[in-house]
Amino acid sequence: MQFTINRNLFLDNLNNVMRAISSRATIPILSGIKLDLSEQELVLTGSDTDISIEIKIPVNDDLTVESTGSIVLPARFFSEIIKKLPGKDFSFEVKESFQTKITSENTEFMINGLDANNYPRLPEIPTDAAFELSGKTFREVINETVFAVANQESRPTLNGVNFSFSSNAIKAVATDSHRLSQRTISVENGPEVKSNLVIPGNSLVEFSRIIGEKDPEITVNPGDNQVLFNIGNIAFYSRLLEGSYPDTDRLIPTSSTTQVEFDLSTLSRSLDRASLLTHESRNNVVKMNLDTDKQSVILRGQSAEIGNVEEEIPFKSLTGDSLEIAFNPDYLRDALRASITDSIVMKFTQPLRPFTVTPAKEDVDFTQLITPVRTF
């Protein structure tokens, strides 16, 4: 196996494959990256069993083939070598006993590889149920929900985002049982047959990074226990979480007794100031007092060791019953970071019932739910 390739081209693709490599690989060979070279293309593969990424680089002026073959190389070490090579191009040659020579200008590395025949095969996923999505839309939905997934082994289904794909909409829900984020976006040309997939949060974070800031077209191939995303020359496989996702629709209140509208940046800055003290206390809690008679909203935070803070927050409107509620400020800060409008509406029912955070625009279907904290 022998080829010469443009270093920057190779490195761009290598960096994406490295997203699937875990430093705690359960199967030793999965700490390596597989290179498979044919007369038509060079295929890079990385996997940690939860995520698998395969990237195909076609043979062209930037990639010339001397002889075909395959090899598995230690991923972290190999990646660092390529990053530090001096030249524009480098040459790659596999010799006896899987020893691999990497040459660029006056630098030569010789590293030990492994037999690629021992590398696990990627799952075969049928394409008959495939459908296409806008990369920008899908990344938006991921970023607006994935922060609310759980990190617990007791209820593994909650470690993912529950996606419902239909012919005209994507609905995504994530919850860790303390907060919930639900986003629905209209799409065109969705799947004819409705598809429900619970995709691990970690997989979605890595895939969102691959999508990047552009708007590539994504092909979604749902399987029984895996989903395959195709984007350009990249095939991204993720395992699906087993078990039924809880019915979260019933958790979202359909009415409210108190409603307040804030400028998002104003509320964010107030929460940041309150959190300076609450993060130092054993209980990270702020209290919000909404007085509809006096038309005032007061945010309070305290730490027994440090002191306390009290701030009156400007608002755009306040209606309904007066109410005081306590909650984890970090949950609301995360909700505000995910918000996509300049103003948000908070709706309350009772001091110990979950409250919602929604955009101050009726045509945006985005609901976040936060459970309050009992302070007595």
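The values are calculated or read from the model by the stated rules, or taken from the named source; none is laboratory data. A quick note: this is a predicted structure, and the numbers were derived from the prediction, not measured. Glycine gets a Cβ as well: all are built from the backbone with ideal geometry, and neighbour counts include every protein chain shown. Surface areas here come from the heavy atoms of the whole protein model, side chains and all, with no ligands, DNA or RNA. Shrake-Rupley method; radii C 1.70, N 1.55, O 1.52, S 1.80 Å.
For beta carbons closer than 6 Å, sequence separation of 6+ or different chains, a first residue in the range 268-285 that is on the phi < 0 side of the Ramachandran plot and of a type in the set (Gly, Ala, Ser) and a second that is open to solvent by less than 30 Å² (accessible area, probe 1.4 Å) and part of a loop (DSSP other than H, G, I, E, B), the qualifying pairs are Ser270/Ile313.
Looking at Thr4, is it at pLDDT below 95 and either open to solvent by 40 Å² or more (accessible area, probe 1.4 Å) or in a loop (DSSP other than H, G, I, E, B) (or both)? No: the conditions fail for Thr4. State yes or no: is Ile125 among the hydrophobic types (A, V, I, L, M, F, W, C), open to solvent by 20 Å² or more (accessible area, probe 1.4 Å), in contact (Cβ under 8 Å) with a residue 40 or more places away in the chain and closer than 23 Å to Asn233 by Cβ? Answer is yes for this residue.
Report yes if some residue within the range 243-260 is outside any loop (DSSP other than H, G, I, E, B) and in contact with a helix residue (DSSP H, G or I) (Cβ under 9 Å, 6 or more places away or on another chain); otherwise report no.
Checked the range 243-260: no residue is outside any loop (DSSP other than H, G, I, E, B) and in contact with a helix residue (DSSP H, G or I) (Cβ under 9 Å, 6 or more places away or on another chain).
The single condition among (1) in a strand (DSSP E or B); (2) open to solvent by 70 Å² or more (accessible area, probe 1.4 Å) that Leu133 does not satisfy is (2). Scanning the range 177-209 for residues that are open to solvent by 20 Å² or more (accessible area, probe 1.4 Å) and closer than 25 Å to Thr49 by Cβ yields Asn196, Asn202, Val205, Glu206, Arg209.
Exactly one residue among Ser23, Ser52 is in a loop (DSSP other than H, G, I, E, B) and either within 17 Å of Asn233 (Cβ to Cβ) or in contact (Cβ under 8 Å) with a residue 24 or more places away in the chain (or both), and that residue is Ser23. Of the residues making up the range 327-376, those that are of a type in the set (S, T, N, Q), under 17 Å from Asp176 (Cα atoms) and part of a strand (DSSP E or B) are Thr356, Thr367, Gln368. Evaluation of Tyr245 against the conditions (1) crowded, with 18+ Cβ neighbours inside 10 Å; (2) at positive phi shows that the sole unmet condition is (2). Just one of the listed residues (Leu73, Leu42) is more than 30 Å from Gly201 (Cβ to Cβ), part of a strand (DSSP E or B), at pLDDT 95 or above and over 26 Å from the mean Cα position of the chain (by Cα), and it is Leu42. The residues listed here are Arg282, Arg337; of these, the one that is surrounded by fewer than 19 Cβ atoms within 10 Å (Cβ to Cβ) and under 28 Å from the mean Cα position of the chain (by Cα) is Arg337.
The rows are residues; the columns are (1) touching a helix residue (DSSP H, G or I) at 6+ places or on another chain (Cβ under 7 Å); (2) at negative phi.
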site: Gln295; (1), (2): no, no
site: Ile313; (1), (2): yes, yes
site: Thr319; (1), (2): no, yes
site: Pro329; (1), (2): yes, yes
site: Arg333; (1), (2): yes, yes
